[in-house]
1. Would you report the distance distribution of C-alpha pairs in the range 55-142 as whole percents per 5 angstrom bin, up to the bin with the largest distance?
2. Residues with amide H under 5 Å of residue 168's amide H, sequence separation 5 or more or different chain, H placed in the peptide plane at 1.01 Å from N; which?
3. Hey, what angle do you get for helix 203-213 against the long axis of the chain, alpha-carbon based, 0 to 90 degrees rounded to 10?
4. Show me 374-380, 61-67, 186-192 ranked by packing, highest mean number of other Cβ atoms within 10 Å first.
5. Note the full-extension length gain between residue 153 and residue 187 as 0.36 nm times their separation in residues minus their Cα-Cα distance, in nm to one decimal.
6. Under a crude label model (7 Å from the Cα following the beta-carbon direction), how far is residue 41 from residue 378 in nanometres?
7. Work out from phi, with θ = phi - 60° and the Karplus expression 6.51 cos²θ - 1.76 cosθ + 1.60, the ³J(HN,Hα) of each residue of the range 111-119, listed in order in whole Hz, and give x for Gly and Pro.
8. Can you list residues whose amide H is under 5 Å from residue 133's amide H, if they're 5+ apart or on another chain and H is modeled 1.01 Å from N?
Amino acid sequence: MISFNHPLMNNNIEKEDIQNLIDFLSQDEIPKLTNGPKVMEFEKAWGDWLGTQYNLFVNSGASANELTMLALAHLIGEGEIIVPPLTWISDISSVLFAGHKLVFVDVNFENLSFDIEKLKAAITSDTKAIFLTHVLGINGLSEELLEICENNNILLIEDVCESHGTTFQGCKVGNFGFASNFSFYFAHHMSTIEGGMISTNNWEFYQVCRALRSHGMTREMTSLSMRDSIALENPDLNPDFIFLRPAHNFRSTELNAVIGLSQLTKLDSKNSERINNFNYFMSKLDPNKYHTDINIEGNCNYAFIVILKDNDFDKRNDLENKLRENRIEFRRGLSGGGNQMRQPFFKSLYNNFENYSVIEHIHNFSWYIGNYPGLSRDNIDFVLEVLNA
Ligand SMILES: Cc1ncc(COP(=O)(O)O)c(C=O)c1O
């Protein structure tokens, strides 16, 4: 195993988090460790931090994506979902698994989110939702995008798995959509080892998600009226075992929630370090060699973003060799490794990328490098020196 001078993430889960877990497990009476009061406490604390009314802890960000898309199919039916090709694979698979149709729209260099003109052109009478990804801590929202959703009566779903604490117009992203999804995987802003959250202000959506998190069981709903009306429609079924639609078990455990509660108390202070690091990094990155014109207002990032200006494979290979030589860990292609449309299962569907020039460039000529609390200016200067040379 390579040991890195500069890994992608460092010390995300700390001794004090583990101590909190040990304290929890050292109670005289060992609590039931499956989804229970600690999960609810974490959901409440998360809602207080983010500002959303209803929050549902699940076992991964990918599960949050899938549950969201299944709940949409249940509530408003299957239809077209607009996704960026720059995202994580679960934003794609969740759409497919729920029976929706994928519509890819290219991104832009300014905020790594949808190209607005192409987005407008992609909307049809069958568009159900725009599934936006805030890429690596960069706010992907704009007034125009929100207007497009409102004027066309299209739901906005925010994937905030890479952007906990990023803001748009002073408000945390994840508050603008009908629902938002977060990941607490180790490499993200905070970790529950594995874990994710669905946040929303919509009561009905929340109730459906509660059922779908647990095999589809309606007894998980906290709305008695919703539960009762489903029971009345199904008098032949035991109300304890009514399954809304085919679903999964996406629950997490009390242990993960205890770590989440412990991590959440440190999130803001860690994020402010990340923001300082990121702003410093972007201010020193050579604008002649790299795209430094990204709109970083409101950023909150666990990774430094590096996008080469030239379409030059020799330069790309040189750069990667230098990073390897200096044991700086990196990932090419930003979120999810670049153009999702190039994945093997799409080869027969998509092969003409003329309309996707930005993601194509990002696919070949971009990287992310770790940005975590505890990095000194010397650490960051070391990375910059390698890149700028
Ligand atoms: C944008 C985005 N969505 C979803 C996910 C999935 O999260 P998880 O790894 O917790 O399943 C990730 C993971 O990195 C991600 O970056």
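Here, each number is a calculation from the coordinates, and none is a lab measurement. Note that the structure is predicted; figures quoted are calculated from it, not measured. With ideal geometry, Cβ positions are generated from the backbone for all residues, glycine too; neighbour counts draw on all protein chains shown.
1. Once binned at 5 Å, the Cα pair distances of the range 55-142 give 3, 15, 25, 23, 20, 11, 3, 0.
2. Distant-sequence amide H within range of residue 168: 173.
3. Approximately 90 degrees, to the nearest 10.
4. On the way: 374-380: 13.4, 61-67: 26.9, 186-192: 22.1.
Packing proxy ranking, top to bottom: 61-67, 186-192, 374-380.
5. Numbers: separation 34, 0.36 × 34 = 12.24 nm, distance 3.52 nm.
Difference between extended and current length: 8.7 nm.
6. Label-label distance for residue 41 and residue 378, simple model: 4.1 nm.
7. Those phi angles translate into 10, 6, 10, 4, 6, 4, 5, 5, 5 Hz.
8. 159
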